[in-house]
1. At a 10 angstrom cut-off on C-beta neighbours, averaged per residue, how do the peptides 650-659, 837-846, 322-331 rank from highest to lowest?
2. Kindly state, to the nearest 0.05, the FRET efficiency for residue 397 paired with residue 50, given R0 = 41 Å and r defined as their beta-carbon distance.
3. Cα centroid distance between the range 605-633 and the range 727-801, in Å?
4. Which peptide among 172-180, 228-236 comes first, and what is the full order, when sorted by highest mean count of other Cβ atoms within 10 Å?
5. In the range 536-618, what % of DSSP beta bridges are antiparallel (nearest 5)?
6. Given contacts defined as C-alpha pairs under 8 Å and at least six residues apart, what's the relative contact order of the range 624-719, whole-number percent?
7. What percent antiparallel are the DSSP beta bridges of the range 261-357, to the nearest 5?
8. Say each of residue 330 and residue 792 gets a label point 7 Å from the Cα, pointing the same way as Cα to Cβ; how far apart are those two points in nm?
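Nothing in this text is a laboratory measurement; each read-out follows from the coordinates by a stated rule. Model, not experiment: these values are computed from the prediction. In this analysis, Cβ positions are derived from the backbone assuming ideal geometry, glycine residues included, and neighbour counts consider all displayed protein chains.
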């Protein structure tokens, strides 16, 4: 019982270590630390990142594109002051360098880290490179050292390298840390660079390119640049012990930061609400906070305690409420200094953050579908178009960046030859908007001053009609003379006041152009602003599944709204008014589980400005505990899972432990879409007679609301578990939980609430989950404890219920009719002795170029294959369900199965293949429709072992799933009109190759020997079956040991016939829900 040895003892230890228990020693000697959540040096030494070129911080990584970008670690002078490579006498010193990075760069010298001066020769510069064989360290003009990790390190995955240097021995050691395991992969001795180091030069540190300009100039054949992502970099002025290195991979080393962090609004956020509160995460040592706020970066960044920008001094809360609401569209800057008068390091000056308040008027945005669309493209109408490069849609899409229009032709609209007054362009909106302003960038080709194609005398009209109607009334808004564009990058040439006009579209008609004689007319870009008078930003988001408990509807008010009418109901076409409120929130009452609701907020009585209808769906259950609210840790029972679920850590007769050694939850073994589950260890082998965890409620829970009838939880066992009976106890009444504790899959356990005899279910105060049984031991995982009303459980559905809706009805008879006389398989090749179709449907395989059947297996050598003579019966066009299963064995990428006719992508050829890494993850099994998309699963398909591949397709929702050895990949929804493969009767269905010469692998390429292939399969295939229905997850998991039958084959005799129809008819009207 190493976890929570004793809570009081551990709490004392945790407090003494100031909260960084796991990584306390790693703070010793730390010089610089970057986890790339921001530019700030986490060591506290001020070596913040300075980005150059296109380098950027995103998703916790430094992104480098290998083309002129890098990041400096502090300034040259700042890094030189604490350079860990040398001591105070300028002599080589012990140090450790750690870098975690991902790259596919396969050259020799991609500079991950470079430490050196701006210029200097023979100065002992140090660089760490990525190369095909693994990272290498080099001291320029001294020597090089490295270790071979193999090509595994250029696979695009993140790898952590740790390099140590022992100065006394001149010894470099290279370590790899993977999954907590430390491997010494190389060492080099005899490095003494004391004579090469120049103490008169300042040495800086750079990520992504050479620091020394002389090196970059002299070694021009050594690339230096590298395309990669770096997500961890740190250095210490000592040699880390091997025992410390596994902790580095947690990317959380270093002392707790004294600075404020995690601002809300986030740094650089825009469209911030005018009444937004400012909040942040306190620094580790903060007692109070000083908040600075203003509209100028320099002023806020440099403000001191005597500045008027200090808007809150010595406040305790990590939230600041501004005294006034923000100005529309204003950019603000703010800083939080952390104060602790008892600490000599106080104050900790904060980073200066910024945000921009939402504008008063918004720009109509094609990406938000605010223009009318046709065939997935914005439909900006124009009288004519000069050519395909001068499309009208470009006026709202392209050309303007940061308010500046370029001179590229393809970013502008130009009419064909038109007489004066006949050239026009219409901007149709998706609904009516209250328009405030229009910015125009006139036609701006680089020779526009000579051409004069830009609009000049212009009539601007609007309409409130439906623009899809045949007759549209246009009303003149204004006549203007537009300014010419200069033929060079330019800001808007005109800004027009649209006077709050309500319109569904605008039309601009040119009465003349800037030349006065040319007969073509053009515009570059148009940006139209509107007043957002409708309610916005709904919470929940449209179509979101929501918990019924504590549900609150929220929104952002439309401009000028003084009250809000709330409409809510289940009929989208008729929504009753349920409230009128001055607030921008509404708490609904009396909603039901498992129901879709629609709602609308009206801010005005003008029907043209009616609010959008949003929807949400209530979950089919009430959540008791989804295990998502807990945080890892030993020292805070308020957030740790063991603080809520009391275990036996301090009770000898209770053998349970909740969480792992340091109070962690389980992050990988989770149910459904959960992020974590509860590990429950049980040990009834010693003094303990039971192992249980109890949750006690401070406020009694009502388990009768919403007509719930059953308690459900999900349990995952372990094959190493020994014995034990699981149970649950509610308010002192126990019920057995029927699960297999050795089953390493998620099992649904259901308990009828009525079985808790004598329990007041409207006042539940405690719940206990445990395992009993002498000598039992092991671990189980608990997730998603829920309450359900009576519901359909497919496993308990009545006989004759084919579609699993728990009622036998006409729908089940229709399934019988649709599959009359169907057998389980359309095709079955078991390759016992030949290419016979053993399904009985007569699709015997046709061998091409001598494939061999031997020992019950099809052998393919890459030059031969087998065709399936489906002809007009080809099932793969997407209009009906199918499943494809086969066993295979190979050590190379290749095509397992295909349906194709040529190399035309419009024909959407289908291929099932093992991927070589070019078009999907290497080793994955992939089902691909040429030019549409793909689904994949697994990553180790060509390891020479036998594997089972399964493809399922549901025509109803057009979803494809791929399984490898029973494990499903991500589903793919095929977003095209049916059929997916048009004219499929022309396709050839083939095992081991494809008629399409270019897909999925392309023609052989002698310049890339690792991909010299035409895609033909080399290996063995067995048990190929094609089913006329969609297999379930359970079906896929049980292959190849169990062959699925058709769901409509109720008596299991291998055919859907009268006997199955009789079963349905005998049970018509039977309905079953539980409990």
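1. Sorting 650-659, 837-846, 322-331 by mean packing, highest first, produces 650-659, 837-846, 322-331.
2. 0.75
3. 27
4. 228-236, 172-180
5. Working: 18 of 21 bridges.
Beta bridges within the range 536-618, antiparallel portion: roughly 85 percent.
6. Relative contact order of the range 624-719: 25 percent.
7. Close to 90 percent.
8. 5.7
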